Amino acid sequence: MDGNGRIDFAGIVRAPADLEAFVGYVGSVSPRSNPAAFPTPASSLAYYINAYNALAMYDVIRSGIPPELGSIKVRFFYRNRLLLGRRRISLYRLENRIVRPIGEPRVHFALNCMVRGCPRLPREPF
């Protein structure tokens with residue numbers, strides 16, 4: 001990520017180890033699969049926001065879909081299933097069935113769908 005919060009997709013493709021490690025973590029652990037690791041609603045929300053952003057980034061890279069192609073983006077969010085806490089889920093379901101029902105109105109500014117018009121990601125996870 002650059003200083004302005006833009007994602008360096010080419011850089012991640014060249015050195016994906018950190019992203020792959022985090023995606024492996026969210027694939028095996030979640031508030032649902034390990035509630036003791038997420039004792040507060042805030043810790044669960046942070047997990048889900050960070051998981052969503054990492055999985056979206058990972059799926060763009062894994063799928064080879066340039067993030068500028070909006071028409072492909074719609075299918076991308078529904079079709080692809082990613083591992084979250086040992087369960088497969090689409091980004092659409094993660095956002096609309098898990099994150100948004102938590103009821104925090106600011107999530108709109110925290111979720112990044114990996115296109116230029118999305119909110120910039122902070123340099124530190126939530």
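The values are calculated or read from the model by the stated rules, or taken from the named source; none is laboratory data. Note that the coordinates shown come from a computational prediction; the quantities given were computed from them, not determined experimentally. Neighbour counts are summed over all protein chains in view; Cβ atoms, including those assigned to glycine, are modelled from backbone coordinates with ideal geometry. Accessible surface is based on the protein model in full, side chains and every heavy atom, while ligands, DNA and RNA are left aside. Shrake-Rupley method; radii C 1.70, N 1.55, O 1.52, S 1.80 Å.
Candidates in the stretch 103-118 are the residues that are touching a residue at least 40 places away in the same chain (Cβ under 8 Å) and surrounded by 13 or more Cβ atoms within 10 Å (Cβ to Cβ); of these, the one that is farthest from Leu19 (Cα to Cα) is Glu104. Taking Ile61 as the residue in question, decide whether it is more than 11 Å from the chain's Cα centre (by Cα) and at pLDDT 95 or above. Criteria not met by Ile61. In the set Leu94, Leu45, Leu84, only one residue is over 23 Å from Asp8 (Cα atoms), in contact with a Gly (Cβ under 8 Å, 6 or more places away or on another chain), buried (at least 19 other Cβ atoms within 10 Å of the Cβ) and modelled with pLDDT of 90 or more; that residue is Leu84. Restricting attention to the stretch 10-34, the residues that are part of a helix (DSSP H, G or I), open to solvent by less than 60 Å² (accessible area, probe 1.4 Å) and touching a residue at least 12 places away in the same chain (Cβ under 8 Å) add up to 6. Pairs meeting the criteria (first residue in the stretch 40-63 and among the basic types (Lys, Arg), second residue at pLDDT below 90, beta carbons under 9 Å, at least 6 apart or on different chains) are Arg62/Asn80.
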